[in-house]
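The values are calculated or read from the model by the stated rules, or taken from the named source; none is laboratory data. Computed from a prediction, not measured in an experiment: that's the story for all the values here. Note that we place each Cβ from the backbone using ideal geometry, even for glycine, and neighbour counts take in every protein chain shown.
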Protein chains: 2
Amino acid sequence: MTHAYTDAERAAIYKVIAERRDMRHFLPTPIAPDMLQRLLTAAHHAPSVGLMQPWRFIRISDPNLRQRMHALVSAERLETAEAIGKQEDSARKQAFLALKVEGILACGECLVVTLSDNREAHIFGRRTLPEMDIASVSCAIQNLWLAARAEGIGMGWVSMFDPAALSALLGLPPDAKPVAILCLGYVPAFYEAPMLEQTGWRQARPLADMLMENGWQPSPAHDAKESP
Amino acid sequence: MTHAYTDAERAAIYKVIAERRDMRHFLPTPIAPDMLQRLLTAAHHAPSVGLMQPWRFIRISDPNLRQRMHALVSAERLETAEAIGKQEDSARKQAFLALKVEGILACGECLVVTLSDNREAHIFGRRTLPEMDIASVSCAIQNLWLAARAEGIGMGWVSMFDPAALSALLGLPPDAKPVAILCLGYVPAFYEAPMLEQTGWRQARPLADMLMENGWQPSPAHDAKESP
């Protein structure tokens with residue numbers, strides 16, 4: 001007895017995993033409410049440690065809020081550029097500043113994803129690894145990303161913001177925390193490869209570099225650097 | 001021009017998202033090496049902040065290592081039970097102890113997933129949110145989970161261990177960190193609902209409880225408790 005899906009089903013699943021992209025370029029076409037609901041339902045099917053379901057989704061429909069979120073991201077982009085310039089060099093800083101890092105004002109839908117409040121009540125599976133809450137939320141976001149790609153909708157996960165400032169803007173309780181600004185929208189085209197590869201920012205490394213057996217095996221390949 | 005997949009493809013993707021389960025019960029059937037490679041390749045297609053690819057996979061083929069990992073999880077299970085007993089009550093502690101929390105000795109393949117070393121070199125997208133590394137690793141694990149379900153293979157994510165002890169056991173460098181013991185294997189059946197619901201440990205809450213608009217909306221539903 002097998003529980004495997006059909007060849008066609010498996011092919012579709014491997015295809016969406018391979019073709020999902022972190023998108024920055026969007027068309028203004030709006031996303032229908034039932035489509036958004038379908039994508040959020042996919043996210044909500046995610047696993048969560050101890051079934052705590054720590055994800056919260058804040059839909060941003062107020063254009064003024066979008067503008068202020070965009071300003072927060074623009075400010076952090078400059079801080080990041082400074083930090084990269086200090087750690088590497090000014091050429092790298094300029095290369096970073098040439099990258100498009102978000103599509104907040106252009107995308108059809110903008111969501112903020114937060115970790116829930118009252119997470120300390122949840123001990124199961126996170127007594128020694130409290131960060132399992134963001135792990136669960138990330139699985140939900142990955143579900144949303146894959147469902148969106150299948151629907152022909154692009155998504156970008158923006159993490160370039162000061163979480164305290166975004167919390168203040170959205171009135172989060174002190175024990176909740178924003179971890180993502182998700183830009184969702186129809187796109188002119190999906191990137192054929194990750195945008196950071198296409199722009200020459202960084203080259204992805206092969207799976208073989210990430211595999212070990214029965215213990216850590218130090219290798220030059222495992223010693224990742226920011227530059228390729 | 002649409003980039004949407006066909007109805008059949010989309011149906012397969014929503015199906016696997018809905019039918020994926022955190023598994024604890026396995027058959028001893030081994031997993032073929034090319035199948036394992038396919039699943040790891042799906043994981044490796046994950047998004048990562050600044051393309052840092054912070055995931056590392058350690059395949060555990062040594063039965064003695066499995067035994068020692070099982071012992072680590074058993075020890076943390078008792079610590080977790082104590083902590084739940086203290087925070088809630090002894091009935092809840094007993095209910096926790098009645099749950100099956102791992103399948104390390106029974107599963108066909110056992111992987112440890114770690115955050116890479118040298119992560120501080122990566123500033124892009126994590127200057128203010130350093131936890132974006134575990135977010136990327138979690139997206140990789142979710143890809144693996146979905147691909148495994150489509151192949152008829154169950155997976156369980158065990159996070160009940162002392163990370164320092166597991167690091168020592170596997171010889172991790174001080175700046176790497178284990179975040180998952182993944183149990184992978186063929187299963188007698190996939191749970192029809194999350195095992196923690198089936199056993200009455202906790203009831204999942206509906207998506208509507210997780211949605212807000214333009215800011216945090218406090219509600220009794222958002223105030224999650226460990227008990228339903």
Inset, instruction - Collect the residues in region B:137-148 that are more than 8 Å from chain A (Cβ to nearest Cβ) and closer than 15 Å to B:Phe190 by Cα, keeping them in residue-number order. - result: B:Ala148
Inset, instruction - Starting from region B:124-135, keep only residues that are on the phi < 0 side of the Ramachandran plot and free of Cβ contacts under 8 Å to residues at least 60 places away in the same chain, then list their pairs with residues that are hydrophobic (A, V, I, L, M, F, W, C) and surrounded by fewer than 20 Cβ atoms within 10 Å (Cβ to Cβ) whose Cβ atoms are within a distance under 6 Å, requiring at least 6 positions of separation or different chains. - result: B:Arg127/A:Ala83
Inset, instruction - Could you grab me the full set of residues in region B:22-40 that are within 23 Å of B:Ser159 (Cβ to Cβ) and either among the aliphatic types (A, V, I, L, M) or more than 8 Å from every other protein chain (Cβ to nearest Cβ) (or both)? - result: B:Met23, B:Arg24, B:His25, B:Phe26, B:Ile31, B:Leu36, B:Leu39, B:Leu40
Inset, instruction - Would you please list the contacts, defined by Cβ atoms under 7 Å and residues six or more apart or on different chains, that run from a residue in region A:142-162 that is surrounded by fewer than 24 Cβ atoms within 10 Å (Cβ to Cβ) to a residue that is aromatic (Phe, Trp, Tyr)? - result: A:Gly152/A:Tyr186
Inset, instruction - Looking only at region B:128-144, decide whether some residue is charged (D, E, K, R), in contact with an Asp or Glu (Cβ under 9 Å, 6 or more places away or on another chain) and under 30 Å from A:Leu78 (Cβ atoms). - result: yes
Inset, instruction - From the list A:Ala71, A:Ala11, pick out the single residue that is facing another protein chain (nearest Cβ under 10 Å), surrounded by fewer than 22 Cβ atoms within 10 Å (Cβ to Cβ), among the small types (Gly, Ala, Ser) and farther than 30 Å from B:Val101 by Cα. - result: A:Ala11
Inset, instruction - Just give me the residues in region A:119-133 being at the interface with another protein chain (Cβ under 7 Å from one of its Cβ atoms), surrounded by fewer than 24 Cβ atoms within 10 Å (Cβ to Cβ) and either part of a helix (DSSP H, G or I) or at pLDDT below 95 (or both), in sequence order. - result: A:Ala121
Inset, instruction - Tell me which of these B:Arg66 doesn't satisfy, since it passes every other one: (1) at pLDDT 95 or above; (2) within 7 Å of chain A (Cβ to nearest Cβ). - result: (2)
Legend entry - Residue tally, condition crowded, with 23+ Cβ neighbours inside 10 Å and assigned to a loop (DSSP other than H, G, I, E, B), over region B:21-45: 2
Inset, instruction - Check region B:52-62 and report whether any residue there is at the interface with chain A (Cβ under 9 Å from one of its Cβ atoms), surrounded by fewer than 21 Cβ atoms within 10 Å (Cβ to Cβ) and in a helix (DSSP H, G or I). - result: no
Inset, instruction - Answer yes or no as to whether B:Gln203 is touching a helix residue (DSSP H, G or I) at 6+ places or on another chain (Cβ under 7 Å), modelled with pLDDT of 95 or more and within 7 Å of chain A (Cβ to nearest Cβ). - result: no
Legend entry - Residue in region B:105-113 that is touching a residue at least 24 places away in the same chain (Cβ under 8 Å), more than 8 Å from chain A (Cβ to nearest Cβ), surrounded by fewer than 19 Cβ atoms within 10 Å (Cβ to Cβ) and in contact with a His (Cβ under 7 Å, 6 or more places away or on another chain) present: yes
Inset, instruction - Please enumerate the residues belonging to region A:13-40 that are closer than 30 Å to B:Gly50 by Cβ and either free of Cβ contacts under 8 Å to residues at least 40 places away in the same chain or in contact with a Ser or Thr (Cβ under 8 Å, 6 or more places away or on another chain) (or both). - result: A:Ile13, A:Tyr14, A:Lys15, A:Ala18
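For every residue, the table says whether it meets (1) among the aliphatic types (A, V, I, L, M); (2) assigned to a helix (DSSP H, G or I); (3) out of contact with any helix residue (DSSP H, G or I) (no Cβ under 9 Å at 6 or more places or on another chain).
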site: B:Leu146; (1), (2), (3): yes, yes, no
site: B:Val179; (1), (2), (3): yes, no, no
site: B:Phe190; (1), (2), (3): no, no, no
site: B:Leu196; (1), (2), (3): yes, yes, no
Inset, instruction - Quick one: B:Pro173 ticks every box in (1) under 14 Å from the mean Cα position of the chain (by Cα); (2) part of a loop (DSSP other than H, G, I, E, B) except a single one, so which number is it? - result: (1)
Inset, instruction - Report, by residue number, each residue of region B:163-174 that is surrounded by fewer than 22 Cβ atoms within 10 Å (Cβ to Cβ), under 25 Å from B:Phe26 (Cα atoms) and in contact with a helix residue (DSSP H, G or I) (Cβ under 7 Å, 6 or more places away or on another chain). - result: B:Leu169
Inset, instruction - Report, by residue number, each residue of region A:1-18 that is out of contact with any helix residue (DSSP H, G or I) (no Cβ under 6 Å at 6 or more places or on another chain) and in a helix (DSSP H, G or I). - result: A:Asp7, A:Ala8, A:Ala11, A:Tyr14, A:Lys15, A:Ala18
Inset, instruction - Evaluate the following for A:Ala95: is it out of contact with any helix residue (DSSP H, G or I) (no Cβ under 6 Å at 6 or more places or on another chain), in a helix (DSSP H, G or I) and in contact (Cβ under 8 Å) with a residue 60 or more places away in the chain? - result: yes
Inset, instruction - Return a yes/no flag: does region A:85-102 have any residue that is of a type outside the set (Lys, Arg) and under 13 Å from the mean Cα position of the chain (by Cα). - result: yes
